[in-house]
Amino acid sequence: LLAGKCRIIQNDYAKRTFYGFAVSKGDHCMPLNLSQMSQGISASVTLKQNALVAELRAQGLDVIGLGAGEPDFNTPEHIRDAAKKAIDTGKTRYTDTSGLPELRRAISEFLKRDKGLSYPPSDIIVGTGAKQAIMGALLAILNPGDEVILPAPCWVSYPEMIRMAGGVPVVVHTTAEQGFIPDIQAVAAAVTPRTKAVLLNTPGNPTGAVWPESALLSLGNLAVDKGFYILSDEIYEKLVYDGAKHVSVAALSPDIFRQTVMISGFSKAYAMTGWRLGYAAGPHDLIAAMGAYQSHATGNPTSISQYAGLAAITGDQACVADMAKAFAARRILMLDCIRQIPLLSAVEPQGAFYIMLDVRKLMGKTADGVVLQDSGDFADALLKKCQVAVVPGEPFYAPGFCRLSYAIANDKIVESMRRIRVFVEGVIAG
Ligand code: PMP
Ligand code: GLU
């Protein structure tokens, strides 16, 4: 059975045949180098930023981190209690590799109630964060060289995930003036016979853009017309402001539904980033393929996190609304502060918890003897001089912008904006 896929090696000692990979030393061995895939992948800049801030703080520096893409709130108490109970009652064993049946049932009911989407629990997979769900979906659909259309600016992990799955990211750039939402003609122009999917993220990281229903419908119809999947990352779905409405593209027509993988998770809505719990719902065969991959790659997501997730999704949703309300107020506060800083401006976001700070007017000016040539120079100089950490836009395909997270306390927002103002005034003064 295995002979077609593995080398058969002879064990001389036992004179028996085993199936496996040759491990003998000899001149026929491969050189000890890394795979081409891993040589082309860089580590997540957003997570590196978090680590850098932690390191600087450990050195005693008073750094304010606007880089972290995670809620600063503690996970709500009833969710933490459910996890403690799971530990104490022995819910610490392997579960169904695609997630606890009761959790998938609860997600199925939630999706029906919340987004009008009908997925049976068997068409839902729970994984180790939305990250694993996205990676699993890409691995399930991509052959080497297949293309995935990526409206940008986009989250730093998307292009790397596509490459890790053997695909080719095809970036469709958008501008602040377009509200970071592409014209459907630009997306259509990027379609080739190799197009396998579009990777959509609304509300979006890093822009906070929320796609209106009309744009989603055009994209969905294009996918149906040309025959490619839509991977719809909706992890920030609960964080929308100013009357903006989150719509799932999968809800727009039965044809679109059949070609969409809807991805979400617990990290942002329930402040559960460390618990590593996310999910995908989609076509039966695709979710089954993701399940087969997951059964080998990681097995089930942590049992304790799954019981916590069950309490989150079936429990009182007031905690979600309370956190969203706090983010809404912080968004206004940060935008107001930015408006008072000369030469800087911001694109008003409608969702998530990020603001794109436009630093283009500072380019060519000098900070501490360094000519600022890109947003990375701005971010470096700001951190060095004023101990405020922001993420440069280049890795998000947003040159000339920095991403600021307002998932921090009000006083920190005010103080960080004061420091940025002092920094900019210093640059202007020369
Ligand atoms: N999608 C987007 C757009 C994100 O910003 C994040 C941030 N972590 C994720 C997916 C992954 O979330 P997690 O793996 O924590 O569920
Ligand atoms: N998604 C968050 C961010 O963009 C968390 C870090 C990560 O996973 O990239 O900052």
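The values are calculated or read from the model by the stated rules, or taken from the named source; none is laboratory data. Remember, it's a predicted structure, so these values are computed and weren't measured experimentally. Here Cβ is always computed from backbone atoms with ideal geometry, including for glycine, and neighbour counts include all displayed protein chains.
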message: of a type in the set (Gly, Ala, Ser), modelled with pLDDT under 95, touching a Phe, Trp or Tyr at 6+ places or on another chain (Cβ under 9 Å) and within 16 Å of ligand 2 (Cβ to nearest atom): which single residue out of Gly127, Gly69 fits that description?
response: Gly69
message: Suppose the filter is in contact with a strand residue (DSSP E or B) (Cβ under 7 Å, 6 or more places away or on another chain) and either more than 16 Å from ligand 1 (Cβ to nearest atom) or among the acidic types (Asp, Glu) (or both); does Ala176 pass it?
response: yes
Sole exception among (1) surrounded by fewer than 20 Cβ atoms within 10 Å (Cβ to Cβ); (2) free of Cβ contacts under 8 Å to residues at least 40 places away in the same chain for His246, by number: (2)
task: Give the stretch 352-369 a look and list any residue that's free of Cβ contacts under 8 Å to residues at least 40 places away in the same chain and assigned to a helix (DSSP H, G or I), or say none.
output: Lys361
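Any residue in the stretch 184-205 that is β-branched (Val, Ile, Thr), crowded, with 24+ Cβ neighbours inside 10 Å and within 16 Å of ligand 1 (Cβ to nearest atom)?
Kept after step one, since they are β-branched (Val, Ile, Thr), are these residues of the stretch 184-205: 184, 187, 191-192, 195, 198, 202.
From the residues that got through so far, the ones that are crowded, with 24+ Cβ neighbours inside 10 Å too are 198, 202.
Checking which are within 16 Å of ligand 1 (Cβ to nearest atom) leaves us with 198, 202.
Yes, the stretch 184-205 has at least one match.
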Close pairs (7 angstrom Cβ cut-off, 6 or more residues apart or separate chains): among the acidic types (Asp, Glu) in the stretch 396-416, away from ligand 2 (no atom under 12 Å from the Cβ) and in a strand (DSSP E or B) anywhere: Glu415/Ile64
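Tell me, please, whether a residue that is in contact (Cβ under 8 Å) with a residue 24 or more places away in the chain, among the basic types (Lys, Arg) and at positive phi can be found in the stretch 249-271. Can you show your working first?
Quick first cut of the stretch 249-271, residues in contact (Cβ under 8 Å) with a residue 24 or more places away in the chain only: 249-253, 255-271.
Retained after the next criterion (residues that are among the basic types (Lys, Arg)): 258, 268.
Subset that is at positive phi: none.
Scanning the stretch 249-271 turns up no residue that is in contact (Cβ under 8 Å) with a residue 24 or more places away in the chain, among the basic types (Lys, Arg) and at positive phi.
Could you tell me how many of the residues in the stretch 378-389 are under 25 Å from the mean Cα position of the chain (by Cα) and more than 15 Å from Leu344 (Cβ to Cβ)? Please lay out each step first, then the result.
Residues of the stretch 378-389 under 25 Å from the mean Cα position of the chain (by Cα): 378-380, 383, 388-389.
Add one more test, that the residue is more than 15 Å from Leu344 (Cβ to Cβ), and what stays is 380, 383, 389.
Matching residues across the stretch 378-389 total 3.
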task: Give me the pairs, please: first residue somewhere in the stretch 39-50 and within 16 Å of Pro159 (Cα to Cα), second residue anywhere and more than 10 Å from ligand 2 (Cβ to nearest atom) and assigned to a loop (DSSP other than H, G, I, E, B), beta-carbon distance under 9 Å, and either six or more positions apart or on two chains.
output: Gln39/Asn33
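Determine whether Asp146 is over 25 Å from Gly265 (Cα atoms), surrounded by 18 or more Cβ atoms within 10 Å (Cβ to Cβ) and more than 16 Å from ligand 2 (Cβ to nearest atom).
yes
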